[in-house]
Structures are given as C-alpha cells and as structure tokens.
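Trainee: If you scroll down you'll find the structure; I have some questions about it.
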Amino acid sequence: MDDNIIKALKGIAGADNVSTDDASRAAYAYDATRLKALPDVVVRPGSEAEVAAVLRLASARRLPVVPRGAGSGLSGGSVPTRGGITLSFERMADIINIDTANRIVVVQPGVVTGVLQKAVEDKGLFYPPDPGSLAFCTIGGNVAENAGGMRALKYGVTRDYVIGLRAVLPSGEVIKTGVRTAKGVVGYDLTRLIVGSEGTLAVVTEITLRLVPKPLSVVTMTAYFADQEGAGRAVASIMASPVTPRCLEFLDTEALKAGAAHSGMTLPGDAGGFLLIETDGSPEEARRQADVIRGIIEPDAIEVRVAADAPEAAALWKLRRSTSQALFSIAPDKINEDTVVPVSRVHEALSGFAEIGRRHGLKVVCFGHAGDGNIHVNVMTDRKDNVRFSEAEKAVEEVFQLVLGLGGTISGEHGIGLTKAPYLRMELSDVEVDLLKRVKHAFDPDGILNPGKIF
Ligand SMILES: Cc1cc2nc3c(=O)[nH]c(=O)nc-3n(C[C@H](O)[C@H](O)[C@H](O)COP(=O)(O)OP(=O)(O)OC[C@H]3O[C@@H](n4cnc5c(N)ncnc54)[C@H](O)[C@@H]3O)c2cc1C
C-alpha cells in the first residue's frame, strides 16, 4: 500500500492508531477458524467521523476494508483475504447510555458483550443474547453475525434486540436505521438487513439495543444419558411440553470429557449424552419449570441433578463455554459447523453425524444449543495431513446434505464468511443468490467492503 495512503490514514485516525508493522498485521490476520491473511494496514478509529473518512479514502482508491471486532468469528469473516485496511474497533468501546425508563442501551461496536451484559444487569435489566464467546467477542461482531448463543431458545438472537443502528456505507456516507422507540415501520427494515450481513454491507458505528427486566431467579440442572440419541429425544420431549427452558445445551461424550478436562471438573461417571438446562423467572416459576423438565426426562436419564448453588452452576457453565477450545485436545484441527435441524429431529441428526464420521474414519464431535436444534458439528482433522483433511471436507458436505434433508439450515449463528461460501448454493437457489448479490451491489457498488465473503 503506497505511503501516501498510510499518511492519509494517519492523518485521519492519528499515527498511533495506524499500524503497518509485521507484528501488528499478524495479530489482526486470523479469527477463531485459524484461517489467516495479512492486512496491509490496521486502523483503529476513535469515532464515526474517522470511520467515514477511512471509507471515503478507501472508496476513492478502491481499497478493501475489513471491519473487525475481537476476531472470535467461526467463519473467517474478519480474515482480510484480499489485504487492504482492517478497521478494528477497540477504541470505540463505550456504553453510551443505559436508558432504564425506555429499556434501551446505546453502545459503540467495540464493547465486549459480557461487559455490556454486566453493566445492564447492575441496573436490573437484561441483555439476553449469550454467545459462548461473551467474555471476549464484541457487540459489533455479534450484530454483524447475528450471534445467537445459550439463551436464544427462550429469548431469541441478537437481531431480536437491535432496534436501531448508525452505520457508514462503503462510500463514506453515514446512515441511521431503525428507531429508538418500541415500534417503528418507516421504509424497508434496513436494520434487519445489516444485522447478520457479516460486515459486507456497512460498517456499524453505534447500536441501540432493547433490554428486558432481569429474571429474578435461575435454576441450573444437568442430565446424563446412556447415548446421544437418548439425550436428543429428551430435547424433543422438553420442547414438546409447555415449558421453555432458557438454555438447553447438549454435549456428546467426547465433548463432555474434553470440556471437563479443560475446565478441571470431575464427572460423576460415563455418559453418551449430556444436557445442561436452565430455567428462569420468579423463584417459584423457575423451580416449577425445572420440576416439569425433571419429570419429563428422568425416566430415560441415568441421572438428573439440580446444581446446589451458584458456584456449582458456574463450574458447569465454565465446562460448557470451554468445550469449543477443549476439542483441540482431540485433534490439531477441526472443521466446526453450526448446523440447525428442526428440534424434533435432533436425535436423527446426531445418529447421522456419527455415521458420517464412521464412513470417513474421522471423529465427529457434537455439542451445542440443542433446544433450538442448533448442533455444532466438529469434524476433527489435521490440516497438515492432506488425506485426512480431504476426508474431513467430504464429511462436511455430507453433514450439510443431511441437515438440509432433515429440513434444517447450514448455519444457525456463525455465518457464511469464507468457510461456508462454497456451500451457499446447497441451500439457496440461483435466483436467491442473485438477489443477495444485487443487495450487496446496492450498498457497495465497488465491492470494497469485506470482499470475498459470503459469495
Ligand atoms: C469459544 C467460542 C464460542 C463461541 N460461541 C458462540 C455462540 O454461542 N454463538 C454465536 O453466535 N457465536 C459464537 N461464537 C462465534 C463468535 O464469537 C461470534 O460470531 C461473534 O459474534 C464474533 O464477534 P467478534 O467481535 O469476535 O467479531 P469478529 O470475529 O472480529 O468479526 C465477525 C464479523 O463481524 C464483522 N464486524 C465486526 N465488527 C463490525 C462492525 N463494527 N461493523 C460491521 N461489521 C463488523 C467482521 O467483518 C466479521 O465479518 C463463538 C466463538 C468462539 C471462539
């Protein structure tokens, strides 16, 4: 990238906030997929005006711009495969206003999700979306991926809480979408279009989120099953009852063992399938719902147990949240897909994934948000072993065929990005892909914003 551009970027964001050295470029080269590509320059803007100025310059010079949150994405969204400018939001990390009267919060994109949750909970309010990565991912990344997580089952995903945005178009023009009120239907819903657009339509600079009252009480329970299909059937039975738990997480035996070892927890015994369940509401209501669930699943479970206290519940969540990373103890690499099937078919999907693994001689480890049918399928592999990696790629394609055949979708929350782009047409028709491309073109006619992603 020529010196004049670097000079101009330093003029916009300040010399300290523009990095071209190898170490900085390497630090912003990857995401949690472990895919890597170096940006030419990293810019850390401090304001919306700076973001707009960077985009005006990039647009004039036709430079790729890749927005970046914490780089915890699982589809390669913030990996700058075409180089150019990585726009990173660590300096735009303010909680601008928690408005308790109107139950909204206005934030900058670089706020870490867990920090936001804690801040609103201190005021008796609740921001429910709860990705496993909440300790480090940013709300800007959550908006771009329409992140889900543990509590999506009862409360919905990021999209259900974003009521308005400020964003900068690739041209550098600033837009305000949505409303700051409980209702609003003026024009097409640009907010919903930008949420989940994976940083390809606009750069989000401010987010207004709706909040709900913080539940008074939570009951956490676990259930161990002899096999994963039994756990899958229990999920369907719970969801067919009148109770909606706020979390209904599944781990197969490999995921459970790896997560327990990683988080230093001792398991009571062997289990083929494990559920981590939470109910919430008033103390009486949370307990009543937990009792209903226990009654449904106890006859088929090896053990059902209610966590005795908050530290026991916290240890269980530590295990669950560490599962994704813990799987690297099984194999050096994994292809992690976040498939979704109708909840009544979770047990069929689990059997099918295991069968695909057996056919290809690979371990397929499953865990995830089973209550909404969102199973993370991890095909364990080794990128350095060409044969094993090519088998893993074939297995992934079969996993997608299976979920689509069961009436599901190839991505519930991680997005298409780089890793799922080759499979987009397995789910969408040519007409639908063409329409998406025309939307992209309307926002970004020169194709400078996060190029190479989705399509
Ligand atoms: C251990 C672990 C557990 C996880 N658990 C979950 C889970 O339960 N649920 C879930 O949904 N995901 C989960 N994820 C995936 C990941 O954390 C989410 O996709 C998250 O939303 C990414 O946020 P980020 O800040 O890291 O964004 P990044 O990875 O940096 O970026 C993600 C995308 O957002 C775009 N982007 C970032 N900021 C902006 C902005 N300001 N404007 C426009 N585009 C922007 C980027 O260009 C990129 O396309 C998990 C990941 C890990 C590693």
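Trainee: How far apart, in nm, are the 7 Å Cα→Cβ label points at Ala240 and Arg425?
Mentor: 4.0
Trainee: Now a separate question. Short version: ³J(HN,Hα) in whole Hz for each residue of segment 102-109, in order, from phi by Karplus 6.51 cos²θ - 1.76 cosθ + 1.60 (θ = phi - 60°), x for Gly and Pro, what are they?
Mentor: 9, 6, 9, 9, 10, 9, 8, x
Trainee: Which of His262, His441 has the fewest other C-beta atoms within 10 Å, and how do the rest follow up to the most?
Mentor: Sorted ascending by nearby Cβ count, the order is His441, His262.
Trainee: Another question about this same structure. How big is the charge dipole of the chain about its Cα centre, in debye rounded to the nearest 20, if each Lys and Arg gets +1 on its Cβ and each Asp and Glu gets -1 on its Cβ?
Mentor: In debye, rounded to 20, the chain gives about 880.
Trainee: Give me the extension gain from His441 to Arg56: residue separation times 0.36 nm, minus the current Cα-Cα distance, reported in nm with one decimal.
Mentor: Using 0.36 nm per residue and subtracting the Cα-Cα distance, I get 136.9 nm.
Trainee: Restricting things to alpha carbons, tell me how big the chain is in terms of Rg and Dmax, in Å.
Mentor: 22.2, 71
Trainee: What is the distance in Å between the Cα centroid of segment 167-189 and that of segment 79-105?
Mentor: Segment 167-189 and segment 79-105 have Cα centres spaced 16 Å from each other.
Trainee: How big is the gap, in Å, between the Cα center of segment 372-445 and the Cα center of segment 229-282?
Mentor: Comparing the Cα centres of segment 372-445 and segment 229-282, I get a distance of 26 Å.
Trainee: Treating only the Cβ atoms of Lys and Arg (+1) and Asp and Glu (-1) as charged, compute the dipole magnitude of segment 305-408 about its Cα centre; round to the nearest 20 debye.
Mentor: The calculation lands at about 240 debye.
Trainee: Next up: Please go through segment 159-205 and write out the trypsin sites (Lys or Arg not before Pro) that DSSP classes as loop and that have at most 11 other C-beta atoms within 10 Å.
Mentor: Here the sparse-neighbourhood loop sites are Lys183.
Trainee: Of Ile207, Ala308, Ile416, whose Cα points farthest to the positive end of the dipole of the chain (charges on the beta-carbon: +1 Lys, Arg; -1 Asp, Glu; origin at the Cα centre)?
Mentor: Positive-most Cα among the choices belongs to Ile207.
Trainee: Using helices alone, what [θ] at 222 nm do you get for the chain, with -39,500 (n - 2.57) per DSSP H run of 4 or more residues, divided over all residues and rounded to the nearest 500?
Mentor: -11000 deg cm²/dmol
Trainee: Once phi is turned into θ = phi - 60°, what whole-Hz ³J(HN,Hα) does the Karplus curve with 6.51, -1.76 and 1.60 give for every residue of segment 208-220, x standing for Gly and Pro?
Mentor: Running phi through 6.51 cos²θ - 1.76 cosθ + 1.60 with θ = phi - 60° gives 9, 10, 7, 10, 10, x, 6, x, 6, 8, 9, 10, 10 Hz.
Trainee: Want the number for Leu216 to Lys10: 0.36 nm per residue separation, take away the alpha-carbon distance, what's left?
Mentor: Contour length minus the Cα-Cα distance gives 69.3 nm.
Trainee: Only counting other Cβ atoms within 10 Å, I'd like Glu284, Glu397, Glu229 sorted with the fewest neighbours first.
Mentor: In increasing order of surrounding Cβ atoms, one gets Glu284, Glu397, Glu229.
Trainee: What do you get for Rg/Rh over segment 296-377 if you use C-alpha atoms and the Kirkwood form of Rh?
Mentor: 1.01
Trainee: Hey, can you grab everything whose amide H is under 5 Å from the amide H of Thr138? Only 5+ residues off in sequence or another chain; H modelled, so Pro and N-termini drop out.
Mentor: Under 5 Å from the amide H of Thr138: Ala70, Thr113.
Trainee: Can you work out the Karplus-derived ³J(HN,Hα) for every residue in segment 265-274? Use 6.51 cos²θ - 1.76 cosθ + 1.60 with θ = phi - 60°, whole Hz, and x for glycine or proline.
Mentor: Whole-Hz 3J(HN,Hα) from phi for segment 265-274: 10, 9, 8, x, x, 7, 8, x, x, 9.
Trainee: Just order 266-275, 431-440, 340-349, 201-210 by mean Cβ neighbour count inside 10 Å, highest at the front, would you?
Mentor: Ranked from most to least packed, the peptides come out as 201-210, 340-349, 266-275, 431-440.
Every number here is computed from the coordinates shown, using simple stated rules; none is lab data. Computed from a predicted model, the values in this text were never measured in an experiment. So basically every Cβ, Gly included, is an ideal-geometry build from the backbone, and we count neighbours across all protein chains shown.
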